[in-house]
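Heads up: the structure comes next, in structure tokens.
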Amino acid sequence: MIHLTGQGYNSRDIIKNIFSPLIGVVSSSLADEVCHRNNLSFVELLQPFAKLPNDAHFRDVSGTSVSVRGLRLNFCDVDWRPPQTVLARKMLNESVTNAQNDRTKVVTIAGIDLELPTAEPWFEQWRETFLAVQFPAEHEFTRHLLSCLLVLSSADPNIIETAQKLTQRVQQMQSITPQKLPKWFQPTEVLNSYVVLHEASQGDLSKAQQGFELLKSTFGDNKCFLVSINSVDSNAMNDMPDHWATYIKRQPKSDNTTSTELSAPKSPQEAVSVISMPAMQMSQLLEGAAQENEQAIVHPLSPMQESATEAINSKFSISSESIASQTINPNVWANEVDADAPHGQSLAARDIENLRHFVQDYAVRALIPYVEHLVVTLSEGVTNKKGVSKSLLSATKRWFVTSKPGAGANNQNAVMYVTIQTIFYTVLIILFYSYTNESAELQTRKLGDLYFMFGHYNLAFQAYHQAKRDFNADSAWQYYAGALEMAALSAFMLGTAHRKTYDYMEDAIVCYLTVCKLQQFATRATLLSMECLKTARLYSEVAKQLIRMTSEDSDLRSALLLEQAAYCFLVTQPPMHRKYAFHIVLAGNRYSRAGQRKHAYRCYRQAYQVFQHREWSLAEDHIQYTVAKQAYMLKQLDEASRSFAHLLRPGSLQSAQQQSSFLKEYIQTQNDLVKRSPELGLLPHALPQLVQSSVRVLTLVQPPCAQPPQVPASNIDINSPVTSDESIWHKIEEMLVITAASNKPFVFKPSRYLYTKQQPATEIPLGVQGEPIELSVALANSVRCPINLTDIDLLWRLTLDNEEVISNVCVYEQSSDSASKAAVSAAIKISCLASLELAEQAEQLLHFKLTPKLTGRLSILGVVCRVAAKAEPAASLLGLLQFETQRIKPTAAKQSSQTLLDSRLSLKLVPQVPALSVSFTPVPAELLTGEIVPVSITLRNLGIAPIEEIYLGCDNPRCLTLLDQQHTELPITMLSSLKDLSNDKLVKDKEIRRQRVFRLLQRQPALDAQEGQTISMWIQAPHTAGPFTLRLLFYYALPAAANAHIKYRLVRHIWHVQVQSCLQADASCVISNAVSRELGLDVNLRNVHAASPTEVYINALSLYSKEYKVNAQKLLVMNNMELATGQAGAQCLKAAKCCSFQCRLLAKDPEQFPNIPTLKSLLHTRLSRLEIMPAKNAQQLDQHMPTLQEPHSFLANEETNYFNTNISTEEFNATIASYVPHVTLALSWSALVQQNEMQRVASGLHFIKLYTLYETGSCPGAVEAVYRRRLSMEVEQSTHEFQLPEEFGNEAATEPLGDDDVADFWEPNEHYVSQRCLLEDETFVLTARA
Amino acid sequence: MSTYYFAIVGHNDNPIYEKEFSTVNKEQRKEDHRHLSQFIAHASLDLVDEHKWKTANMQLKSIDRFNQWFVSAFITASQIRFIIVHDNKNDEGIKNFFNEMYDTYIKHSMNSFYKINTPIKSPMFEKKSEIFGRKYLLS
């Protein structure tokens, strides 16, 4: 038996062991019994001691003594036969399966840490088995039995008789012609020696010696040996070390089950299914290569049947059937002996010594003299016969044949030629290659083999070299290749290997492979060559030879050789790690086809170390898929699912079909994993991806309590984008808070309710018990097939105030009881969509609403859902999508080194507080310019505690009036018309706040628990068309004791309205009667609404003036040509129609107020009214509108100068100090508007301010004029204190252009055109600043 | 019946551009080759390393083969590697293709918004490679 593994042999030892002399053993049944006491056969008994302990001496033919160091004898049962093909294949497979090595070493190449196995025992075991199962061939003699040992027992009463019988049997074997197995080196004179085993513990030594003497006298002194063993009773305990453990290879019985599980391709279909990825079949690709090498696919393991040629040539007379019927020596391969029992239990140290001594003795006394004798005989034969064999026939043959094997074989174009040549060779071989055993060529070869086996490599090389030339001359290619191979080995063993001898080996392999078609021998030669080349560090050569030996006929061999080749690439200089990666993949592929799952798995994982993070997407997918499949088969489900998860990563280049099959397998694997190890709980999903940055949390959610048609306050929408809006809200909030705090100093910090990536939660968000918290998150499907999500839930953990922790994780664990599940579910109520479908590579938002019923600290951990492919909803997988805590990007201003963590998913839940619900009556989405809409606000306290006070803040107070608003003071602008304010101490910020903040329900408390109140309010659309927004912010303070965390709460509302232009009004003041100096107001009106059916009715004109009132008797309609009868009155303006009229002004008595009047009385004094052409139900409509005299009328707003929030103190002071005298015209109108098949009645007010005579004021479009006016006043440094018409008398003297004409009393616009342009420019600047 | 797999490989052995050219139409072609092409191209990088110092030329010609596939390579001055895995000989065409692609690559790398070693996603580049592929490889 050949031993190559586990002993740390170097290359020379390995070659020596492979070519050690083979000694046949035949034993009598009694001798067998003796050995079996040790649980061993005689052959096995000798295995550990087969190496000679001392040097032996060997004399060659010239009589020179050569010392043979470390000679090893290879004992072999004569009845042993190489196993038949099927069994041999099984043995090879199992040798690989059973050899595992999980220990790894790390090698760093090109910055990549490669984890490689420390050793490859599977390869060594396979090589050993491969060499062991070879049939002895005809062209070489190293595997032929050199001599024979006949083993007898001293206890045998008829020892001579038994010896005779055995001798007879052996001689029969040796003399049979043609030769059968086993083959004998020199069948004519085999050395038969006799060994008598004596059992020291039982037998009588003297009796044994008697028998031995008898034997000696019969068979000769030097052929008989007496060995005394078993000096210990086998029942007694023996602490001898087990020398045999490493040598004896019986398949342990327990392995049978595991091996089938681990490897053993149960059926070809399964073997294929392991490696075949639906669209990835590497195997098919490799077939191309195979076909180049192999024409005839032969079973790899039977040299007998390599090819027809070979069968005929090698003169095996035994038919293949007879080989199949041969039984394998049970001592060697069968399982009958208990493998686990200790060996050598009856052997004492003395016995071991005896055995050692016997081997040495046998070699020196019997074997070597015999070999010396053989050498002499063979040498003589060679010398004598030289020249004789040069037969006429072989000479003739040389005429036909090129003497280089495969001269044209490498040339692909000459395949036909090669084929013909091969056939030709075959014919020749059959005809002429009847080398008899006595032929000189074979004698030379035999001589070489003998020298080689006994370590005389110099002479061996010479002999092989000679043989090689002879065989070459005879074109006996198989013999030639064998001789070449051995010559190369001799040179290597001699230490004189060089380029040429390596080429011998190369030639031998090529010859075996291409000419002789002997895969087996080519493989063996490659394995031997590998050892030689490795010693010479020619690793790339090794790799080349190994790769050449991969073929389709043996996946296992290809796999092993490819793996070895891959390792060779790593030790070349420089290392080729990418070649390694490729070949280890190829090896893994072959392993999986050979059913070696563990090895396939290992190879692919090794390859992945190179390929990972390199973006070779498809290659990576192939590796991951194979790893996943193999891991699944090997029941390493966590590995498998990890790899499957990798296949579903975003950016994969796989097709939709492919991905859906990946998904299916992933779901199956994960489910299997969960089923097998339920303690893992919820596993993270690979699909869909949770877009971590998209997580939004909203802690303030409007309770849905408004009854339609009431509209609830819009509040904050969780999906509202981050806009500059937020700063406007914060400004309003700041004003509210300061007003509410009645100027107590504090640091304002805007309250936060919405937390997103852009608005990270640096502080812990607060949630209120019993109030819902919204959470939205985007889920992305990274694969090309649609998926369905069901059973969607949030996973959370709540730490109560008493530090008790509850979580709904337990709901998803099988172990917990249903009661606790129910308790947990009651703690926090979660509502969201029941199912969600994600289209291929789509991203979708998922909304959750959590309502906490308890207080404490809440952490939201992740989303639980059940994922299934849309195509196969039955196969679903429950898993978890985890939230990751996001890092807050430090702002550029604060370069703090510590990273802040976003805490938007760990909320603090505080006890219940009052909650204000705000709702409104609906406002149309489209309004006309200047239209006034009544709105009633319903305030309701939903909490259990009263609300102390409520404030309302607004960003555009001009457009809003409140009914219950108590104006204690006049607006500053109106006040300034009464007295000079420039010396009053007015605080800018306070005035700004006063304009924008209103206190609602001025009582204590504002709203009791569960109480509701309604407030009337009007909104006026601006006079410019376009989009219009109005923001309302409600502030309500909480009772101080109620909650330390929240001092006040806010409700937001925003209106987005589209404003359409409708009525265009122009007015100017003229002197209508030069004689009476009566002033007239020319008013032009035009309906500019886009839709034709709109009808506008002008109800009334009101004049707000200090000095004048409208003459109610005089209304001169200048143009009523386009007036038509409408649905609501006789005179209406249809679309695009216009009309004009004039009314006259009367001077009023100067107003006299003893002190500052109230707003109401001031308005009352200054207003005068004139009905124009009212609609039929104008009175009725007016009831819904605030009358102009009321403080909450929009006239008051119009007359108020609203300060910009970022106005400078200088501007503020200038504004309040100056009063520009003017009159204001208020045109009250109604309109019938057709909107979406609905007719709507709208009413509104247009205001026109007039400053000077002949100046045209217009509305809309008056804004710019106002600015121009203001500016021109500033430029002029005007100190006019009175309204324009009054200038009349007073100003006459100051007018430089003073004239008798009344007209001159109107102040003409004195600016030159160019000046005006300049002014206008400045106006723009102002507008922009505003 | 010829297929070409072209890859530009960055300094970290990562493909920054991949393209396949084939005369075989899509339905007939087996998808199988795609990952194998990647394996072959990746394995040939070792041979590019071996050959690149042996010649002053940027064209490295045919440097490797695996079964019926040949690998031709080109290396730029900045050690960006162009690899073509092909199944029939077309030295002249490949040479021209490499030269044109080199030109295109240089222009693309001048774009200050392109970071070296990152995947090339320019539609212009894609179009050019399509044109040159059709012109030199498939014709």
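Being assigned to a helix (DSSP H, G or I), closer than 29 Å to A:Ala827 by Cα and either among the aliphatic types (A, V, I, L, M) or without any contact (Cβ under 8 Å) to a residue 24 or more places away in the chain (or both): is that true of A:Val674 here?
Spelling it out, A:Val674 is indeed assigned to a helix (DSSP H, G or I), closer than 29 Å to A:Ala827 by Cα and either among the aliphatic types (A, V, I, L, M) or without any contact (Cβ under 8 Å) to a residue 24 or more places away in the chain (or both).
Can you tell me which residue within the range A:846-856, out of those that are in contact with a Ser or Thr (Cβ under 9 Å, 6 or more places away or on another chain) and closer than 15 Å to A:Asn808 by Cβ, is surrounded by the fewest Cβ atoms within 10 Å (Cβ to Cβ)?
Among residues in the range A:846-856 that are in contact with a Ser or Thr (Cβ under 9 Å, 6 or more places away or on another chain) and closer than 15 Å to A:Asn808 by Cβ, the one surrounded by the fewest Cβ atoms within 10 Å (Cβ to Cβ) is A:Thr851.
Every residue in the range A:1079-1130 that is closer than 17 Å to A:Arg1240 by Cβ and outside any strand (DSSP E or B), please.
A:His1089, A:Ala1090, A:Ala1091, A:Ser1092, A:Pro1093, A:Thr1094, A:Gln1127, A:Ala1128
Answer with yes or no whether B:Val71 is in a loop (DSSP other than H, G, I, E, B), under 24 Å from B:Ile131 (Cα atoms) and more than 10 Å from every other protein chain (Cβ to nearest Cβ).
Here the answer is no, as B:Val71 does not meet what is asked.
Starting from residues that are among the charged types (D, E, K, R) and over 30 Å from A:Asp470 (Cα atoms), keep the ones in the range A:133-170 and report whichever is modelled with the lowest pLDDT.
Checked the range A:133-170; the qualifying residue modelled with the lowest pLDDT is A:Asp156.
So if I check each of B:Lys95, B:Lys89, which one is surrounded by fewer than 17 Cβ atoms within 10 Å (Cβ to Cβ) and over 13 Å from the mean Cα position of the chain (by Cα)?
B:Lys89
Among the residues of the range A:570-595, write down those that are farther than 13 Å from B:Phe39 by Cα, surrounded by 24 or more Cβ atoms within 10 Å (Cβ to Cβ) and at the interface with chain B (Cβ under 8 Å from one of its Cβ atoms).
A:Met576
With assigned to a loop (DSSP other than H, G, I, E, B), surrounded by fewer than 22 Cβ atoms within 10 Å (Cβ to Cβ) and away from chain B (no Cβ under 14 Å) as the only criterion, which of A:Lys598, A:Lys635 stands out?
A:Lys635
Is there a residue being more than 20 Å from A:Ala875 (Cβ to Cβ) and either crowded, with 20+ Cβ neighbours inside 10 Å or hydrophobic (A, V, I, L, M, F, W, C) (or both) anywhere in the range A:653-671?
There is at least one residue in the range A:653-671 that is more than 20 Å from A:Ala875 (Cβ to Cβ) and either crowded, with 20+ Cβ neighbours inside 10 Å or hydrophobic (A, V, I, L, M, F, W, C) (or both).
Every residue, every condition in (1) assigned by TED's automatic domain parsing to the domain that holds A:Glu948; (2) closer than 22 Å to A:Met735 by Cβ; (3) out of contact with any Lys or Arg (no Cβ under 9 Å at 6 or more places or on another chain); (4) surrounded by 18 or more Cβ atoms within 10 Å (Cβ to Cβ), yes or no:
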{"residue": "A:Met1017", "(1), (2), (3), (4)": "yes, yes, yes, yes"}
{"residue": "A:Leu1033", "(1), (2), (3), (4)": "yes, yes, no, yes"}
{"residue": "A:Arg1052", "(1), (2), (3), (4)": "yes, yes, no, yes"}
{"residue": "A:Val1075", "(1), (2), (3), (4)": "no, no, yes, no"}
{"residue": "A:Leu1081", "(1), (2), (3), (4)": "no, no, no, yes"}
{"residue": "A:Tyr1097", "(1), (2), (3), (4)": "no, no, no, yes"}
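Part of a helix (DSSP H, G or I), touching a Lys or Arg at 6+ places or on another chain (Cβ under 6 Å) and of a type outside the set (A, V, I, L, M, F, W, C), is that true of A:Gln668?
When the stated conditions are applied, A:Gln668 does not pass them.
Of everything in the range A:601-621, what is farther than 22 Å from A:Phe569 by Cα and either in a helix (DSSP H, G or I) or away from every other protein chain (no Cβ under 13 Å) (or both)? Give them in sequence order.
Matches in the range A:601-621: A:Ser617, A:Leu618, A:Asp621.
Exactly one of these conditions fails for A:Gly495: (1) surrounded by fewer than 24 Cβ atoms within 10 Å (Cβ to Cβ); (2) small (Gly, Ala, Ser); (3) at pLDDT 90 or above. Give me its number.
Going through the list (1) surrounded by fewer than 24 Cβ atoms within 10 Å (Cβ to Cβ); (2) small (Gly, Ala, Ser); (3) at pLDDT 90 or above, A:Gly495 breaks only (3).
Give me the strands (runs of 3 or more DSSP E) completely within the range A:98-161, filtered to those with at least 3 residues that are over 60 Å from the mean Cα position of the chain (by Cα), ordered by residue number.
A:145-153
Could you please let me know if A:Leu880 is more than 30 Å from A:Ala740 (Cα to Cα), buried (at least 18 other Cβ atoms within 10 Å of the Cβ) and modelled with pLDDT of 85 or more?
Yes; evaluated as a whole, the condition is true for this residue.
Which of the following residues is hydroxyl-bearing (Ser, Thr, Tyr), without any contact (Cβ under 8 Å) to a residue 60 or more places away in the chain and in contact with an Asp or Glu (Cβ under 8 Å, 6 or more places away or on another chain): A:Ser154, A:Ser67?
Going through A:Ser154, A:Ser67 in turn, the sole match is A:Ser67.
Quickly run through the range A:1238-1274 and pick out the residues that are outside any strand (DSSP E or B) and modelled with pLDDT of 75 or more.
Passing the criteria: A:Tyr1251, A:Thr1252, A:Leu1253, A:Tyr1254, A:Glu1255, A:Pro1260.
At pLDDT below 90, surrounded by fewer than 23 Cβ atoms within 10 Å (Cβ to Cβ), over 12 Å from the mean Cα position of the chain (by Cα) and within 8 Å of chain A (Cβ to nearest Cβ), is that true of B:Asn57?
For B:Asn57, the condition - at pLDDT below 90, surrounded by fewer than 23 Cβ atoms within 10 Å (Cβ to Cβ), over 12 Å from the mean Cα position of the chain (by Cα) and within 8 Å of chain A (Cβ to nearest Cβ) - is not met.
Given the residues A:Phe1203, A:Phe1212, which is the only one that is part of a helix (DSSP H, G or I), touching a residue at least 60 places away in the same chain (Cβ under 8 Å) and touching an Asp or Glu at 6+ places or on another chain (Cβ under 9 Å)?
A:Phe1212
Go through (1) facing chain A (nearest Cβ under 10 Å); (2) buried (at least 16 other Cβ atoms within 10 Å of the Cβ); (3) in contact with an Asp or Glu (Cβ under 9 Å, 6 or more places away or on another chain) one by one and return the number of the condition B:Asp49 breaks.
The single condition B:Asp49 does not satisfy is (3).
Inside the range A:541-572, can you point out the residues that are of a type in the set (Gly, Ala, Ser) and in contact with a Cys (Cβ under 7 Å, 6 or more places away or on another chain)?
Of everything in the range A:541-572, just one residue is of a type in the set (Gly, Ala, Ser) and in contact with a Cys (Cβ under 7 Å, 6 or more places away or on another chain), namely A:Ala543.
Evaluate the range B:28-43: report whether one residue or more is assigned to a strand (DSSP E or B) and either within 14 Å of another protein chain (Cβ to nearest Cβ) or surrounded by 16 or more Cβ atoms within 10 Å (Cβ to Cβ) (or both).
Checking the range B:28-43: not a single residue is assigned to a strand (DSSP E or B) and either within 14 Å of another protein chain (Cβ to nearest Cβ) or surrounded by 16 or more Cβ atoms within 10 Å (Cβ to Cβ) (or both).
Kindly establish whether A:Phe49 is at pLDDT below 85 and either among the hydrophobic types (A, V, I, L, M, F, W, C) or surrounded by 21 or more Cβ atoms within 10 Å (Cβ to Cβ) (or both).
It is true that A:Phe49 is at pLDDT below 85 and either among the hydrophobic types (A, V, I, L, M, F, W, C) or surrounded by 21 or more Cβ atoms within 10 Å (Cβ to Cβ) (or both).
Per-residue answers, yes or no, for (1) among the β-branched types (Val, Ile, Thr); (2) surrounded by 14 or more Cβ atoms within 10 Å (Cβ to Cβ); (3) within 29 Å of the chain's Cα centre (by Cα):
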{"residue": "A:Leu754", "(1), (2), (3)": "no, yes, no"}
{"residue": "A:Val768", "(1), (2), (3)": "yes, yes, no"}
{"residue": "A:Ala780", "(1), (2), (3)": "no, yes, yes"}
{"residue": "A:Val783", "(1), (2), (3)": "yes, yes, yes"}
{"residue": "A:Ile792", "(1), (2), (3)": "yes, yes, yes"}
{"residue": "A:Ala834", "(1), (2), (3)": "no, no, yes"}
{"residue": "A:Glu840", "(1), (2), (3)": "no, yes, yes"}
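Going through the range A:831-866 one residue at a time, which ones are in contact (Cβ under 8 Å) with a residue 60 or more places away in the chain, under 30 Å from A:Ala656 (Cα atoms) and part of a strand (DSSP E or B)?
A:Leu838, A:Glu843, A:Gln844, A:Leu845, A:Leu846, A:His847, A:Gly862, A:Val863, A:Val864, A:Cys865, A:Arg866
Among the residues of the range A:7-18, are any small (Gly, Ala, Ser), touching a helix residue (DSSP H, G or I) at 6+ places or on another chain (Cβ under 8 Å) and closer than 30 Å to A:Ala163 by Cβ?
no
The values are calculated or read from the model by the stated rules, or taken from the named source; none is laboratory data. Bear in mind that the values here come from a model prediction, so they are computed numbers and not experimental data. Note that each Cβ is placed from the backbone with ideal geometry, even for glycine, and that neighbours are counted across all protein chains shown.
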